[in-house]
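For reference, the structure discussed in these notes is given below.
The values are calculated or read from the model by the stated rules, or taken from the named source; none is laboratory data. These figures come from a predicted structure and were not determined experimentally. Neighbour counts are summed over all protein chains in view; Cβ atoms, including those assigned to glycine, are modelled from backbone coordinates with ideal geometry. Quick note on the areas: whole protein, heavy atoms, side chains included, nothing else; ligands and nucleic acids left out. Shrake-Rupley method; radii C 1.70, N 1.55, O 1.52, S 1.80 Å.
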Amino acid sequence: MGRLHDLAALGQAIWFDFIQRSLIGSGEMQRLIGEGVRGVTSNPTIFEKAIAGSGDYDLALKMLARNGKSTAEIYEELVLHDISLTADLFLPVFVDTRGLDGYVSIEVSPELAYDTDRTVSEAVRLFSALGKPNVMIKVPATDAGIIAVEELIFRGVNVNVTLLFSVPQYEKAAEAYLSGLEKRLASGGDIGSLASVASFFVSRLDTAVDADLEKMGNRELQGKTAIANAKVAYGRFKDIFSGQRWERLAGSGAHVQRLLWASTGTKNPRYPDTLYVDGLIGPHTVNTLPPATLGAFLDHGRVTTKLDSGIVEAAGHLERIRDLGIDLDAVTGKLEEDGVRSFAASFEALLNSITRKKTEVT
């Protein structure tokens, strides 16, 4: 059936980390579903590339502008239209997997990353506006975002917790999910139809740590920290989603909050282009791949479970990094801040692009 179907048999789903209107209309997204892609993720940077970097949206943008829509209204109509169409394409996957996969993710405005109340309001509004069971709302894993996650799960909103870089922050995200489920269950709400993933970013950690290692003249440890960090997170995942507390929730129909590997495109040309796919295969996980990485994996990826082995060794690697004087908490904290800042800049650039295009046609 192909590599992606083989991965699914091992318990890992591959999602597509890209969206653009031409992919939907041309049938390319449907072809990817046939290949075994089981979901889609988006973010402000992806939509900036899609809307500002192509002519796919110009006609729709022109019509909306001539109807007097504001820049913010145009942005939302363009984006929600794509998310809605894509969710419809993936609905059969959602049905066939009984709500495990088939999700399409849309992010709340990165401008709200440090505002819990507005994040909750915006996420509820987007989820309601789309009105589809296979939509996930992405919320950044800032401390304010983590609080929002618990409230959103309580309210019955599917959540993709994004921009996770550290194991402690991942633990907070998992705790927010569990607490949200418990509150919802205690209030008499259904928890069997809820879904969440915890998006753990990978390659950016190697980029940051490798730079420090390079300054020290240490090449032995380069290119290994990101996967080691992910493996330690996976070990915590297995601990968290077991035992009496979890079994009570599972008995009421709850689904585990799967770890989703994000930022899986290889940034260092010295590393294999499928490094962050081949090395992160394991049950109850998702890997979201940008187009180039998906193409590479379909061509020459290796389908072998790797996550269940070497967790102790992975923790040892992280200790070696710390012993060299690299503060991983500081590194991952900065990566989180940089991620929020980068998405905010993409969001602003996209709105500016829409404003320019709007001016040209009115």
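Normalised per residue, the accessible area of the stretch 144-299 is 35 Å², obtained with a 1.4 Å probe and no contribution from ligands, DNA or RNA.
The Rg/Rh ratio of the chain, with both radii computed over alpha carbons and Rh defined as the Kirkwood radius, is 0.96. Surface composition of the chain: carbon and sulfur atoms hold 52% of the protein heavy-atom accessible area at a 1.4 Å probe. Within the chain, the selection of entire DSSP H helices by a Cα span of 24 Å or greater along the long axis and an average Kyte-Doolittle value of at least -1.0 returns 71-96, 167-186, 328-361. Computed from point charges on the beta carbon alone (+1 for Lys and Arg, -1 for Asp and Glu), the dipole magnitude for the stretch 291-362 about its Cα centre is near 440 Debye. Once you reduce the stretch 167-229 and the stretch 70-149 to the center of their Cα atoms, the two points are 20 Å from each other. If R0 is 51 Å, the Cβ-Cβ spacing of Ala349 and Ser187 corresponds to a FRET efficiency of close to 0.80. For the stretch 192-288, the list of trypsin sites (Lys or Arg not before Pro) that fall in a loop by DSSP and count at most 14 other C-beta atoms within 10 angstrom reads Arg219, Lys267, Arg270.
Computed extension length for Asp308-Ala330: 5.2 nm, one decimal, from 0.36 nm per residue of separation with the Cα-Cα distance subtracted.
Farthest toward the dipole's positive end in the stretch 68-202, which of Pro140, Thr97, Leu130, given Cβ charges of +1 (Lys, Arg) and -1 (Asp, Glu) about the Cα centre? Farthest towards the positive pole: Thr97.
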